[in-house]
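Student: Dropping a structure here in structure tokens format, bear with me for questions.
The values are calculated or read from the model by the stated rules, or taken from the named source; none is laboratory data. If you're wondering where the values come from, they're calculated on a predicted model, not measured in any experiment. FYI the Cβ positions are ideal-geometry reconstructions off the backbone, even for glycines, and counts take in every protein chain you see.
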Ligand SMILES: [Zn+2]
């Protein structure tokens, strides 16, 4: 998970790795790791919003509860398949149309939608926040966490403090949908996407496919070998899933202040630099933010 803040970004990551992978992961994550992530918190009571247009601005006012559906799609007692996750996003949009918008930010290698939920009161002064999960497809709990957060933010929007409501929340619960489906149907431990390279369906480790420092450390922290679990792909942003993230963020009208990518299972908050030991320009700011987050989650 990576959190962008000002000129740098904070990264929370906790990958599901084998013991061999774990060693590599530790070297990849560098020196800047912070404790930790556990789930805590409660869902509060419903508060339903409705938009009215006044003087060109959306205003959020309470209204009645949405109709109770015959089948409750989503719970957090089990893991769900992709179609259930996507239906859950669509239901949130139907229930809270004033603040929730679902869009398709791109297509996966196999042509599946990459769906994003945006929660926003449409205030032009809002800053943007990014939350993604299951970029590593086997890390199902990351999707559970961000869908939980999505519902929590949407259902209680009016009751949240301004620090929550003055953000445009961009939530992508399954950034690697092909891999996610594959983990439900064929191989529970599949981590990469389902790309073909060098004539084989080898997959690319999508969070090694971003451009900053791509391949700078050779085989330290990522790999140029297609069959390797950390294969970074033939070029930065070679994969449609990572390109979708880039294009969404660069095309955003509101400036992104936070970029968080959720992983499992290490209890770590990670932020830059991941590929060298020197502190990044915003190191103290990110360290402070990471420390506060760790304290809240502990
Ligand atoms: Zn991961």
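Student: Is it the case, given these coordinates, that residue 208 is within 16 Å of the ligand (Cβ to nearest atom), in contact with a helix residue (DSSP H, G or I) (Cβ under 9 Å, 6 or more places away or on another chain), in contact (Cβ under 8 Å) with a residue 24 or more places away in the chain and over 30 Å from residue 75 (Cβ atoms)?
Tutor: Yes; evaluated as a whole, the condition is true for this residue.
Student: Now for a different question. Being modelled with pLDDT of 95 or more and either away from the ligand (no atom under 16 Å from the Cβ) or surrounded by 17 or more Cβ atoms within 10 Å (Cβ to Cβ) (or both): is that true of residue 268 here?
Tutor: no
Student: Now for a different question. For residues that are within 29 Å of residue 182 (Cβ to Cβ), free of Cβ contacts under 8 Å to residues at least 60 places away in the same chain and either assigned to a strand (DSSP E or B) or touching a helix residue (DSSP H, G or I) at 6+ places or on another chain (Cβ under 6 Å) (or both), tally how many sit in region 90-108.
Tutor: Number satisfying all stated conditions: 5.
Student: Of all residues in region 129-146, which are more than 12 Å from the ligand (Cβ to nearest atom) and assigned to a helix (DSSP H, G or I)?
Tutor: Those that are more than 12 Å from the ligand (Cβ to nearest atom) and assigned to a helix (DSSP H, G or I): 144, 145, 146.
Student: Among the residues of region 182-202 satisfying the criterion of being within 13 Å of the ligand (Cβ to nearest atom) and part of a loop (DSSP other than H, G, I, E, B), which is surrounded by the most Cβ atoms within 10 Å (Cβ to Cβ)?
Tutor: Looking at the filtered set, the residue picked out is 193.
Student: Still on this model: How many residues, within region 226-265, are in contact with a strand residue (DSSP E or B) (Cβ under 6 Å, 6 or more places away or on another chain), within 20 Å of residue 109 (Cα to Cα) and within 16 Å of the ligand (Cβ to nearest atom)?
Tutor: Residues meeting the conditions: 2.
Student: May I ask you to list the residues in region 147-181 that are within 16 Å of the ligand (Cβ to nearest atom) and farther than 17 Å from residue 262 by Cβ?
Tutor: Within region 147-181, just 178 meets the criteria.
Student: Counting just the residues of region 109-124 that are touching a strand residue (DSSP E or B) at 6+ places or on another chain (Cβ under 6 Å) and part of a loop (DSSP other than H, G, I, E, B), which one comes out surrounded by the fewest Cβ atoms within 10 Å (Cβ to Cβ)?
Tutor: The selected residue is 122.
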